[in-house]
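Just so it is clear, none of the values below were taken in a lab; they were calculated from the coordinates. Note that the structure is a prediction, hence the values are computed from the model and not measured. As a convention, Cβ positions derive from the backbone with ideal geometry for all residues, glycine included, and neighbour counts pool all protein chains shown.
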There are 2 protein chains.
Amino acid sequence: MELRIRFLKWSAGVPVAMLHSKTAAKIGVHANDRISIKTLSKKLEEVSTVVDIIGNKVIKTGEIAVSSELKKRLGLRVGQKVEINIASASDSLIFIKKKLNNKKLSESEISRIIQDVVDNSLSESEIALFVSSMYKHGMSMKETIYLINSIVKHGNKLNLKSKNIADKHSIGGVAGNRTTPIIVPICAAAGLIMPKSSSRAITTSAGTADVIETIARIEFSIPELKKIVRKTNACLVWGGSLGIVPADSKIIKVEKMLKIDPEAQLLASIMSKKLAAGSRYIIIDIPYGKHAKVEKAKALDLKKKFEYLGKHFRKKLKVVLTEAKEPMGKGVGPALELIDVINILDPKLEGPQDLEKKSLLLAGELLELAGKAKKGRGRKLAEEILSSGKAFEKFKQIIKAQGGKLNEIVLGKFQKNVIVKKSGKVIEIDIKKINSLARTAGCPADKFAGLFLHAKTGEKLNKGNRIITIYAESKNRLKQAIIQYNKLKPLKIK
Amino acid sequence: MELRIRFLKWSAGVPVAMLHSKTAAKIGVHANDRISIKTLSKKLEEVSTVVDIIGNKVIKTGEIAVSSELKKRLGLRVGQKVEINIASASDSLIFIKKKLNNKKLSESEISRIIQDVVDNSLSESEIALFVSSMYKHGMSMKETIYLINSIVKHGNKLNLKSKNIADKHSIGGVAGNRTTPIIVPICAAAGLIMPKSSSRAITTSAGTADVIETIARIEFSIPELKKIVRKTNACLVWGGSLGIVPADSKIIKVEKMLKIDPEAQLLASIMSKKLAAGSRYIIIDIPYGKHAKVEKAKALDLKKKFEYLGKHFRKKLKVVLTEAKEPMGKGVGPALELIDVINILDPKLEGPQDLEKKSLLLAGELLELAGKAKKGRGRKLAEEILSSGKAFEKFKQIIKAQGGKLNEIVLGKFQKNVIVKKSGKVIEIDIKKINSLARTAGCPADKFAGLFLHAKTGEKLNKGNRIITIYAESKNRLKQAIIQYNKLKPLKIK
């Protein structure tokens with residue numbers, strides 16, 4: 001049936017369409033059924049989506065309303081005509097159940113699942129089932145390679161045509177671990193090409209994409225990205241909007257909701273992005289520890305797997321393990337982490353030592369890997385680029401190319417200082433609890449919310465000193481965060 | 001924040017609320033976040049739900065629109081005031097992940113998950129994760145008992161105060177296996193109390209609830225159900241509306257979508273309903289076979305588990321295994337199965353032999369178990385009640401008490417006869433493919449859609465004979481079903 005697109009400024013967080021009950025009856029669909037939407041323009045595109053049904057006059061019988069997520073996915077215009085039909089059932093649910101039953105999947109089976117993820121033919125609950133099937137039994141290295149190939153196949157390559165493309169990636173999980181916006185300008189200033197696409201936060205309170213979004217655009221098309229990289233050697237964009245690995249973005253969305261991150265998908269997510277970007281030199285950062293995403297044994301196991309994949313895909317890949325005992329830097333949350341980053345990049349300012357040290361270590365390794373520095377000299381070169389202000393200049397160039405500007409950052413207007421009641425030494429700052437607290441305060445969606453840690457582990461505090469400041473963008477969020485702070489007690493003083 | 005309820009005749013298949021973007025900003029929620037809705041009436045009730053955000057003037061800033069599913073859940077009235085807040089995160093996701101990691105769950109952990117399911121504090125994707133966690137590693141008998149206790153605890157008991165309460169239950173999976181509407185009137189006519197609540201279809205094209213709904217109401221409150229049972233000794237209602245085991249209904253909804261039915265939940269679903277209903281005598285029907293839900297070995301294993309649970313909960317419980325080689329009866333789909341049932345119940349008509357035989361077997365077993373017939377005499381008694389017309393009278397009483405009437409049934413107006421192209425014998429009718437085909441034709445939501453099998457396995461057909469008729473309520477559904485029939489080939493003739 002042909003219907004006209006209606007747009008209600010309706011945001012559901014997921015792609016969903018809305019039909020008038022009379023239209024639904026005519027097509028033969030019921031609430032929560034799946035329909036296919038085909039655009040009738042020159043570029044024929046088809047997606048499948050679940051449907052809401054409304055009896056109210058909000059929508060007319062000849063219309064279909066789409067959520068903003070779906071509008072964006074198909075690039076729909078108001079009034080545009082589309083062809084609507086009942087979506088036929090997909091085979092991929094059968095393959096997902098096969099995996100759930102601990103059977104191995106073939107390359108074509110994995111490819112079909114990924115295709116259905118990309119086409120929106122699997123609902124969020126069905127993707128949740130896929131994520132869970134990978135979580136429970138895991139995937140073999142063979143299946144992981146199939147997964148990587150499928151994600152790359154059902155996506156787009158950057159085709160940057162340079163032999164100097166380099167990248168770094170962290171497995172995430174540590175609050176405040178914002179090394180990317182420091183490493184990228186250092187390495188780009190040294191001549192490496194760094195088309196860096198980052199994700200938004202999955203389990204933490206901010207991802208690099210969330211941080212950069214506070215001062216610049218992060219959503220670009222592939223041609224736009226190329227223009228930025230041609231101008232500055234680098235970029236700091238959100239991977240989700242690029243559409244280089246759309247399957248990965250959709251799976252990550254469900255993982256975020258479920259707060260799980262199965263290993264095969266973690267490996268595939270990182271490697272598929274590097275393949276699509278055409279990276280030749282890759283540094284993988286694995287922070288480990290009691291409150292990090294992984295403990296040491298698991299970190300060593302992951303290291304092996306990354307090295308195996310690096311070899312398989314013929315990349316120069318190095319894995320760096322670092323112990324994470326507490327959050328990195330002082331700020332937690334998009335804007336607060338950006339402040340830490342700028343304090344490190346700007347030679348006139350002073351930033352948190354731990355974050356600076358780790359960024360220099362990783363940048364140095366990448367410079368050596370790519371042959372920009374001799375063995376053992378990478379860190380020194382990185383330091384020089386940083387202290388000379390060249391990295392800061394490069395950072396400003398990138399931000400400018402992404403339509404941004406380094407303005408003064410105004411944090412969330414609702415804030416609360418937590419005061420030390422009894423003098424003592426900070427003996428623990430729990431990374432997971434800090435993440436959880438920052439999320440309650442509104443991160444990562446509320447960019448100017450978050451936490452500022454006035455002291456790190458080992459520091460002494462006197463009665464009456466501030467230990468942490470909580471920032472929020474709404475009164476309600478601040479209230480919830482204070483309640484949670486008192487419940488979680490993320491810092492121990494003794 | 002206090003908001004007024006708005007109702008848009010909006011049906012999403014799931015509970016969901018809609019806020020104006022300005023209201024959302026004030027509360028600090030983003031699309032797909034969870035909010036809590038508290039009613040301000042005398043009876044304080046609170047549920048949690050996901051939220052859509054709309055910038056259109058459809059909703060005003062002081063309003064909250066709720067989907068019909070949510071309106072029903074809370075019994076909301078238009079204009080009613082409710083208190084809205086950000087929903088705090090739940091612990092149950094942690095417990096679900098524990099199960100996903102193959103760890104045992106404690107009674108309090110399972111109880112917490114079930115409570116969150118009932119309170120709507122878990123999203124469908126999160127419930128999908130729970131279902132999947134039970135699916136592969138399964139649950140121990142101890143955990144299954146915790147699950148049953150939790151479902152019963154977070155629900156309501158019938159409290160019928162009779163010692164003669166009996167029930168039968170099939171694990172489902174076989175198309176056309178509509179024995180319940182035959183067994184219930186037979187046993188009720190013999191003096192047993194049968195407050196039968198059934199589910200809608202999970203994996204098949206119709207459940208008993210879907211079938212009865214074609215001619216009578218099936219949604220009742222507990223006091224209404226009691227009135228019906230007092231009048232007729234029995235009822236044939238939908239379990240979902242009663243609210244005796246709301247957790248079960250919600251989990252089943254997700255299982256339907258994912259088309260999986262983990263064993264622990266299957267056991268818990270059946271046993272929790274029997275406990276809440278206060279049943280003393282229970283017959284469990286397990287159809288097994290190549291295309292049934294389970295094969296023989298699994299059926300025997302399930303039998304043991306049901307017997308163990310029967311003992312644990314001090315019930316007189318008997319498990320009957322029957323082989324299912326093809327669909328039962330001739331009709332598949334709510335109205336078509338009802339026709340089979342009436343043809344068996346009405347002594348003046350003739351119904352399908354296989355369905356009649358199986359119904360009499362199960363009814364006989366239940367009559368013996370409850371002491372209404374001596375050992376070995378149950379089937380004979382059931383036959384007498386059926387052929388005398390007493391069962392049909394009882395059925396009509398029940399339907400009348402549920403506000404229904406035996407009118408002529410008009411099947412879906414779009415139909416297609418499939419004709420045999422070459423004479424031969426029917427050698428196979430694939431149960432799963434028949435289910436799938438009937439669902440494509442619109443079952444179970446389209447009550448008058450479905451399939452009529454003109455021949456069963458072993459019967460001879462000549463060229464030009466009808467083999468199957470497909471009924472649909474919309475042209476589009478019929479078209480889809482014909483395409484699928486040609487693809488699936490659910491019948492083999494040789």
Taking amide hydrogens as modeled 1.01 Å from N in the peptide plane, which residues meet the under 5 Å criterion relative to residue A:289, leaving out close sequence neighbours? A:294, A:295, A:296, A:324
Lys/Arg Cβ at +1, Asp/Glu Cβ at -1, dipole of region A:1-144 taken about the Cα centre: which of A:135, A:41, A:90 is farthest positive-ward? A:41
Considering every residue in A:121-127, what mean count of other chain Cβ atoms within 10 Å of its Cβ is obtained? 4
What's the FRET efficiency of residue B:40 with residue A:304 using the Cβ-Cβ distance as r and R₀ = 45 Å, to the nearest 0.05? 0.15
Summarise the partner chain shielding of B:48-55 as one whole number: the mean count of Cβ atoms from other chains within 10 Å of each residue's Cβ. 5
Extend 7 Å from the Cα of residue B:57 along its Cα-to-C-beta direction; within region A:54-91, residues with backbone N under 14 Å of that point are A:58
Mind giving me the nanometre distance, one decimal, between the label points for residue A:350 and residue A:375, set 7 Å out from Cα along Cα→Cβ? 3.7 nm
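How would you classify region A:240-329 from its alpha-carbon gyration tensor, with a ≥ b ≥ c the square roots of the eigenvalues: rounded for a/c under 1.5, else prolate if a/b is greater than b/c, otherwise oblate?
Since a/c reaches 1.5 but b/c is at least a/b, the shape of region A:240-329 is classed as oblate.
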With an 8 Å cut-off on Cα pairs and a minimum separation of 6 or more residues, tell me the relative contact order of region B:2-86 in percent. 52 percent
Note to self: C-alpha centroids of region B:291-306 and region B:193-265 sit apart, in Å, by 23 Å
Going by alpha carbons, how many degrees (0 to 90, nearest 10) lie between the helix axis of B:334-345 and the longest principal axis of chain B? 40 degrees
From the phi angles alone, apply the Karplus equation (6.51, -1.76, 1.60; θ = phi - 60°) to region B:9-25 and give each ³J(HN,Hα) in whole Hz, x where the residue is Gly or Pro. 6, 10, 10, 10, x, 9, x, 8, 10, 10, 10, 5, 4, 5, 5, 4, 4
Can you list the copy-to-copy distances for residue B:295, using a point 7 angstrom from Cα toward Cβ, in nanometres, shortest first? 4.0
Spelling it out for residue A:445: with amide H atoms placed in the peptide plane at 1.01 Å from N, the residues 5 or more places away or on another chain with amide H under 5 Å from its amide H are none
Using the basic label-point model (7 angstrom from Cα toward the beta carbon), what is the residue A:161 to residue B:290 distance in nanometres? 5.9 nm
Which distances in nm, rounded to one decimal and ordered from shortest, link the label point of residue A:46 to the equivalent label points in the other identical copies, with labels set 7 Å from Cα toward Cβ? 4.8
Tell me the distances, shortest first, between residue A:388 and the same position across the other copies, using label points 7 Å along Cα→Cβ, in nm to one decimal. 10.4
Could you run the Karplus curve 6.51 cos²θ - 1.76 cosθ + 1.60 with θ = phi - 60° over region B:128-134 and give me ³J(HN,Hα) per residue in whole Hz, x for Gly and Pro? 4, 5, 5, 4, 5, 5, 7
For A:270, B:37, what's the fewest-to-most ordering of other Cβ within 10 Å of each Cβ? A:270, B:37
With an 8 Å Cα cut-off and a minimum separation of 6 or more residues, compute the relative contact order for region B:166-401 in percent. 29 percent
With the dipole of region B:181-233 worked out from charges on the C-beta (+1 for Lys and Arg, -1 for Asp and Glu) around the Cα centre, which of B:203, B:214, B:191 lies farthest toward the positive end? B:191
Report the full-extension gain for the segment residue A:1 to residue A:140: residue separation times 0.36 nm, less the Cα-Cα distance, to one decimal in nm. 45.6 nm
Estimated FRET transfer efficiency (residue B:460, residue B:321; beta-carbon r; R0 22 Å; 0.05): 0.15
Here, residue B:409 and residue A:409, labelled 7 Å along Cα→Cβ, have an inter-label distance in nm of 6.7 nm
Restricting to chain B, what percent of DSSP beta bridges are antiparallel, rounded to 5? 55 percent
Kindly write out, for region A:103-112 in residue order, the coupling ³J(HN,Hα) from the Karplus curve 6.51 cos²θ - 1.76 cosθ + 1.60 (θ = phi - 60°), rounded to whole Hz, with x marking Gly and Pro. 9, 7, 9, 7, 4, 6, 5, 5, 4, 5
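From the convex hull of the Cα coordinates of region A:414-493, what is the mean projected area in square nanometres?
Values: hull surface 18.2 nm².
Directional mean of the projected Cα hull area for region A:414-493 stands at 4.6 nm².
Do any of A:104/A:304; A:421/B:103; A:71/B:60; A:358/A:416; B:196/B:432 go past 28 Å between their Cα atoms, and which? Display every interim value, and only then the final one.
Details: A:104/A:304 21 Å; A:421/B:103 40 Å; A:71/B:60 23 Å; A:358/A:416 30 Å; B:196/B:432 26 Å.
Listed pairs above 28 Å: A:421/B:103; A:358/A:416.
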Taking the dipole about the Cα centre of region B:166-401, with the C-beta of Lys and Arg at +1 and of Asp and Glu at -1, give me whichever of B:246, B:166, B:343 is farthest to the positive side. B:166
Could you list which residues have their amide H under 5 Å from that of residue B:13, counting only those 5 or more apart in sequence or on another chain, with H placed in the peptide plane? B:69
Name the shape class, rounded, prolate or oblate, that the alpha-carbon gyration tensor gives for region B:2-86, where a ≥ b ≥ c are the square roots of its eigenvalues, rounded holds for a/c under 1.5, and otherwise prolate holds if a/b is larger than b/c and oblate otherwise. rounded
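For the protein assembly as shown, what is the convex hull (Cα atoms) projected area averaged across all directions, in square nanometres?
Numbers: hull surface 166.1 nm².
The number I arrive at for the protein assembly as shown is 41.5 nm².
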Taking the Cβ of each residue in A:306, A:452 as the centre, tally the other Cβ atoms inside 10 Å and list the residues starting with the fewest. A:452, A:306
Counting other beta carbons within 10 Å of each residue's own, what order do B:141, A:257 fall into, fewest first? B:141, A:257
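Rounded to the nearest 20 Debye, what is the dipole magnitude of region A:283-337 about its Cα centre when Lys and Arg each give +1 and Asp and Glu each give -1 at the C-beta?
Working: 14 positive and 7 negative charges, 79 e Å.
That gives a dipole near 380 debye.
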Take every residue in peptide A:253-263, count the Cβ atoms of other chains within 10 Å of its Cβ, and give the average of those counts. 3
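Per DSSP H run of n ≥ 4, the term is -39500 (n - 2.57); total these for chain A, divide by its residue number, and report the mean residue ellipticity at 222 nm rounded to 500 deg cm²/dmol.
-13000 deg cm²/dmol
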For Cα pairs less than 8 Å apart in space and 6+ apart in sequence, what is the mean separation divided by the residue count of chain B, i.e. the relative contact order in percent? 14 percent
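What dipole magnitude, in Debye to the nearest 20, does chain B give about its Cα centre under +1 on Lys/Arg Cβ and -1 on Asp/Glu Cβ? Working shown, then result.
On the way: 92 positive and 48 negative charges, 163 e Å.
I would put it at about 780 debye.
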